[in-house]
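Here the structure is laid out as structure tokens; the discussion comes afterwards.
The values are calculated or read from the model by the stated rules, or taken from the named source; none is laboratory data. Please read these numbers as outputs of a predicted model, since none were measured by experiment. Because the Cβ atoms are built from the backbone with ideal geometry, glycine has one as well, and the counts that use them run over all protein chains shown. Ligands, DNA and RNA are excluded from the accessible area calculation, which covers all protein heavy atoms including side chains. Shrake-Rupley method; radii C 1.70, N 1.55, O 1.52, S 1.80 Å.
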Amino acid sequence: MKKEWPLWEVFIRSKSGLHHKHVGSLHAADAEMAIEHARDVYTRRNEGVSIWVVESKYITASDPADADPLFEPAKDKVYRHPTFYNLPDEVKHM
Amino acid sequence: MQTHDLEKRFQEKIDAEIKIEPKDWMPDAYRKNLIRQISQHAHSEVVGMLPEGNWITRAPSLRRKLILMAKVQDEAGHGLYLYSAAETLGASRDDLVMDLLNGKAKYSSIFNYPTLTWADIGAIGWLVDGAAIMNQVMLTRTSYGPYARAMVRICKEESFHQRQGYEIMLTLAKGSPEQKAMAQDALDRWWWPSLMMFGPHDSESTHSEQSMKWKIKRKSNDELRQAFVDATVPQAELIGLKVPDPDLKWNEERGHYDFGEINWDEFWNVVKGHGPCNKQRLDTRRKAWEDGAWVREAAMAYAEKKAARRLQQSGEEAA
């Protein structure tokens, strides 16, 4: 039997209060082993307090070729940003 | 879209310093070139554990032993980051490993030299990791996203490697005459192979020009080698060791050290497999791969069995 261990994507929460963030990938036979390997590979210097792993094949990614139709519409909507609005100087914080 | 249009847009992105990510279109040659370079880099990290592992059981103190184990473990980690980066380009891990084991893929020739004394562990950290850092700092800005990110992690960790090596050399250089002689002997043996790590002269380098255009590499072999010499010579002087090069001289006009010619016959000889330890290194890797086969298979079989049992249980609960 010749079969590669499946590939897993690893997400680390660097400290409580922050998001888990993608840090890389690794091979492991199952989820439990993936967490153990992730600990050894990605948190040797206190980089994390929590680990998520997910098998890479379950991740669906957007197609780079669709980037324009997906993200272009947000570009001309400057009114979604607070700096779009002119307020009198007397209003100090808003 | 026509291929030449895609290539034009690709080059425009590179020129605009926009990183290329795994699912983006890229020329086949870019992909192949990267798989070759990243996997060879990964192999170097993995094979690089062997000369140092040689001294773990004989480290002179518990402190040195802990440090060396941590360093060797880092090298394994670096190998993994890099293999993962290569896999984002569609390469399979097993194929990459096989290319190493059957001699098709190269790794850094420096690891085909033996570690004869404890001082060699100092020289490797200081010089070999020092030379690697020159290359790797450049690669944190390489055009392929996953490779660049792997390099950022590696560079953060690599700095400790160089410092611990220099500290070993410093300690020996301040020690007894025998210890100082040991440090000098290690420098004598590792200096030239370290300069060879940067590869052939720019004029002789096969992949350089295209790699620079694609910003896979951002500095030439000769530029990096010069930077390494300029940084390292004063460090040797500081601890009273002598760089084994009669032609080494500060050139005021250039603002760089001039240095002697590398023995390129030796370089090509080692690259072609005739260095002192080429055979031993590959034999060790092959044995590790073969001896570990049953573990890899058993872990997979166990995982599959557990998954099947879980499926069956959830079926029973549903029923």
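Structure above, values below:
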read-out	value
Matching residues in the range A:43-66 - criterion: being touching a Leu at 6+ places or on another chain (Cβ under 8 Å) and either within 20 Å of B:Ser92 (Cα to Cα) or in contact (Cβ under 8 Å) with a residue 24 or more places away in the chain (or both)	A:Glu55, A:Ser56, A:Lys57
Pair list, Cβ under 6 Å, 6 or more apart: the range A:13-35 residue at the interface with chain B (Cβ under 9 Å from one of its Cβ atoms) and closer than 18 Å to B:Arg149 by Cβ, other residue surrounded by 14 or more Cβ atoms within 10 Å (Cβ to Cβ) and small (Gly, Ala, Ser)	A:Gly24/B:Ser84; A:Ser25/B:Ser84
From the options B:Gly130, B:Gly122, B:Gly103, residue that is farther than 28 Å from B:Pro60 by Cβ and not charged (D, E, K, R)	B:Gly103
Residue within the range B:219-235 that is assigned to a loop (DSSP other than H, G, I, E, B), among the aliphatic types (A, V, I, L, M) and surrounded by 14 or more Cβ atoms within 10 Å (Cβ to Cβ) present	no
Answer residue from the range B:58-95, given it is more than 22 Å from B:Ala288 (Cα to Cα) and in a loop (DSSP other than H, G, I, E, B) and is farthest from the other protein chains (Cβ to nearest Cβ) among those	B:Pro60
Residue match in the range B:290-309 (condition: acidic (Asp, Glu) and exposed (fewer than 11 other Cβ atoms within 10 Å of the Cβ))	yes
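This table checks each residue for (1) within 14 Å of chain B (Cβ to nearest Cβ); (2) out of contact with any helix residue (DSSP H, G or I) (no Cβ under 9 Å at 6 or more places or on another chain); (3) not acidic (Asp, Glu).
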| residue | (1), (2), (3) |
| --- | --- |
| A:Asp40 | yes, no, no |
| A:Thr43 | yes, yes, yes |
| A:Ile51 | no, no, yes |
| A:Lys57 | yes, yes, yes |
| A:His93 | no, yes, yes |
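Each row is one residue, and each column tells you yes or no for (1) open to solvent by 100 Å² or more (accessible area, probe 1.4 Å); (2) in a strand (DSSP E or B); (3) closer than 26 Å to B:Ile20 by Cα.
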{"residue": "A:Asp40", "(1), (2), (3)": "no, no, no"}
{"residue": "A:Ser62", "(1), (2), (3)": "no, no, yes"}
{"residue": "A:Ala67", "(1), (2), (3)": "no, no, yes"}
{"residue": "A:Met94", "(1), (2), (3)": "yes, no, no"}
